[in-house]
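This report refers to the structure that appears directly beneath it.
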Amino acid sequence: MDAAEQISTLDLTIKIAAAAINSSPYSSAPVSPLSSAFVSALQSPYISPRANADDVPTPATTLSLPSPPVSYSGSQSDDVPSTSYTPPPEKLKIVTCLPDSAPPRISFSFPIPIPRISFAKGSASPAGANAKLRSCDVYIGFHGQNPNLLRFCKWLKSELEVQGIASFTADRAKYADNQSHEIADRVICSVTFGVVIVTDYTLLNHLSLEEIRFFAQKKNLIPLFFDTDAKEIASLFSAHADNSKECKEALDGLMRCHEFKLETNEGSWRNCISRAVGILKGKLGRKSVAEREVDVCEELPFQRNKFFVGREREVLEIESAFFGCLEQESESQAGNKFISMDVGRCQEPNLEAWVEVEPTVKRAKQRKPKGGNVVCIAGSPGVGKTEVALEFAYRYSQRYKMVLWFGGEARCFRQNILNISVNMGLDVSADEEKERGRLRSFDEQEMEAFKRVKRELFRDLPYLLVIDNLETEKEWWEGKDLHDLIPRNTGGTHVIITTRLPRVMSFDTVQLKTLPLPDAMALVRGRRRKEFLTGEVEFLDKFAERLGRSSFGLWVVGCLISELGILPSNLFEALNEVEHEEVNGGSGLSNEEQQFCRTSPFLMKVLSFCAAVLQQSKGNRNLLASRMLQVGAWFAPSPVPVNLLTAAANNAASTRNKLWKWTRCLKLAFCCCSGCVSSQTWKGEEESALLLVRLGLAWKVNRQPGCWIQCHAITRTFARWKYGLGAAKATVQGVRKLGNPLATSDHLWASAFLVFGFKSEPPLVQLKAIDMVLFIKRTALPLAIGAFSTFSRCNSALELLKVCTNVLEEVEKSFVSQIQDWCHGSLCWKKALQSNQRVDEYVWQEVTLLKATLLETRARLLLRGGHFDSGEELCRTCISIRTVMLGHNHAQTLAAQETLAKLVRMRSKI
């Protein structure tokens, strides 16, 4: 070749390269020098260049230009770093129908594999362009417009990324531009394993066929059958003898690589994804920690109601809002159908794929979800809102990574949100000031804790969040809006809210009406579903009518009939003998609760009869179960361990004298009883607690270790109405003895509300000075420290400590006033108070030292929020108290001085 030809060839090469670079959307990138080798790092013999019909064949050794740089920040997870890339839908040109004139896109060819060839020594291919693609581990290919399929694929991708496995998800049939196809092609050739989600329509798409054949030939195919199985896929093709070569190869590849039997349907999503992730982790050689299989019963608070009746329409309505539903446009009479193999070659993914044999068979039409990921179940008290949410959670738990359930009561709402972090394995503790390099305010620390929970909760990983019994749309502590917790875009998470409010924000609402009469009759028959004579059935109708077909009331009556073995007529007559008392105004009930008790007289009679049954069983008194009912009303509306419930019940007073006037109705009832409740005395703690469950007054909780129960909201209202504030003090004493700041923090907060009251609410329990000291030392102080350090509840913890300090100061003032009165009193009065005064001096000392401890604790916490001036003032007061009470060189005094020195040092740095 002469010099002129060499120059011409070189000039042509430069022009081609320049034209390609100028036509690239990334033309602003710096151009590599001419000496660089334009060799793709992902060159593969399995990818052919895209060609038009009039393209001129080029030699196989043609150099390829470097791919334009690609951004790989397309992961749907905000907080999980990922090296994978899935082009976001808004950046893609989505097509549903390609014109017939469009040239076929040549993507894959299957020659005999040849080794990749580098055409230049020391090639300088741009590392930034393909480094991310080379590090991609798994390709997830799917095809279809089923929203549940897309949800499943997003879940699988996110789960892999959580495990550190970079993944790429694509439905290439929706790609309209060449750049997206090029990215997907390079990923397919570079990944270690290819997961193809196989549905009934996967093999109708030629791109899916290519993926299956390519990965099967490389022996790295892992098929996952979605809402179908290998046998069904094979049967669809066996009916047609003229299968194309490509389809046969794809089908053979599926059958050959189906060693792991990854098949899923609507009831096994979670298990299938867990298996798939475990298989890929093992094949990729990742370190795997054996994860315990979590049963859904461990996630949900209560056992599934085996006697759940009715409400099918409401459950399906929630399912439709979340997942949509399948609507079969027409059904085949003979059931004979096969898939046309010609459709697999078409460009249009939505073409009619079914070929009729005798009748016309149409594809199932997938109705999309309504678009709302939040559904409210609204209704009156006792109508069965919690039961509907519980039934939905049990039915569809496999469609979620985890079910998270917490109470929506106003006072507990904030803590319950942060408690989710424990189940999700998140750390929301307050950071030390040195860890961040700067001091953050308490508001910033609390906001960061909530952001961590929200960031994990509302992304592509699907969670089911159930907020049970939401009392208000505003958060109680700071008055924040509910949207601060639940964003408009909840990602893959679905939220169910049960509430007595008519409507919550702008969320979709399912109004729960009373049960239809047939379902009400089934519920009132009880667990044994005993058949009664016609005369007795009429009394069942009367129960349903008098109770307004309330699910809770009917269930309690059914439990009485089953457990007592009493006839409905006898029970109805006994209930009529019970007198309905007026609501006690000092029982701590809200206006709504008092109104409910007034407007539900027959239900109050039923519950009063249950209370009498707990105390009278053929002459044998079961005081423990009765006292559990009394004190259970003052615990937080959350699960209570039986040992804590027993500790509180042992401090409750007997109420037998209040039930003497019901002797006639009790005798009338028990003379007709044949059940187990009437024939034995319940002595054990767990047996007494479970008796409340058997009478329908409480739920048994799925929590370990030990036995846990939770009283129904109406049961709590009744107990407060019936017994007043007498049992509240017993609850506080029980929490003080056995309360655990970590396991039972919500009950510690409930006792703090009873003793101190917050905001404008007055305290309901008055404690003696020594009891107040013990309560603050054993309950309030550990609770505040735990809330601050473990859950970043900085402001709430400081508020609690401040309230405790104020209470102790009031006790000190009372002591001073008592001493002054004693000094100015008569001699006889001095002699009368002399013995008590010696005890008060000891308590006074304990009060003063505890006050110093509270001041030092507040100073240390204020230090972590940058409030140095306030902390210094509190710390100096603490040092003064300890110097007088303990001495200058006492260890506690020296510790307070160290805290003061740190405060002064930090303030000087500002």
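No lab work stands behind these numbers, since they all come straight from the coordinates. These numbers come from a predicted model, not from an experiment. A quick note on method: Cβ atoms are made from the backbone with ideal geometry, for glycine too, and the neighbour counts reach across all protein chains shown.
List of remarks:
- Cβ crowding within 10 Å ranks 411, 907, 858 as 907, 411, 858, fewest other Cβ atoms first.
- Each residue of the stretch 761-777 is assigned a 3J(HN,Hα), and the resulting list reads 7, x, x, 9, 10, 9, 10, 5, 4, 5, 5, 5, 4, 5, 5, 5, 5 Hz, derived from the Karplus form 6.51 cos²θ - 1.76 cosθ + 1.60 (θ = phi - 60°), x at Gly and Pro.
- R0 of 35 Å, Cβ-Cβ distance residue 283-residue 475: FRET efficiency to nearest 0.05: 0.15
- Using θ = phi - 60° and Karplus 6.51 cos²θ - 1.76 cosθ + 1.60, couplings along the stretch 159-173 (whole Hz; Gly, Pro as x): 5, 5, 5, 4, 7, x, 9, 6, 9, 9, 10, 7, 10, 5, 5
- Charge context of residue 258, other residues only, Cβ under 12 angstrom, K/R +1, D/E -1: -1
- Approximating the spin labels as points 7 Å out from Cα along Cα→Cβ, the residue 740-to-residue 423 distance works out to 1.8 nm.
- Residue exposure sequence - 394, 723 - by fewest surrounding Cβ within 10 Å: 394, 723
- Set 174/231; 513/722; 154/174; 474/768; 306/700; 451/777 screened for pairs whose C-alpha atoms are more than 24 Å apart: 174/231; 513/722; 474/768; 451/777
- Order of 493, 877 - criterion: other Cβ atoms within 10 Å of each residue's Cβ, fewest first: 877, 493
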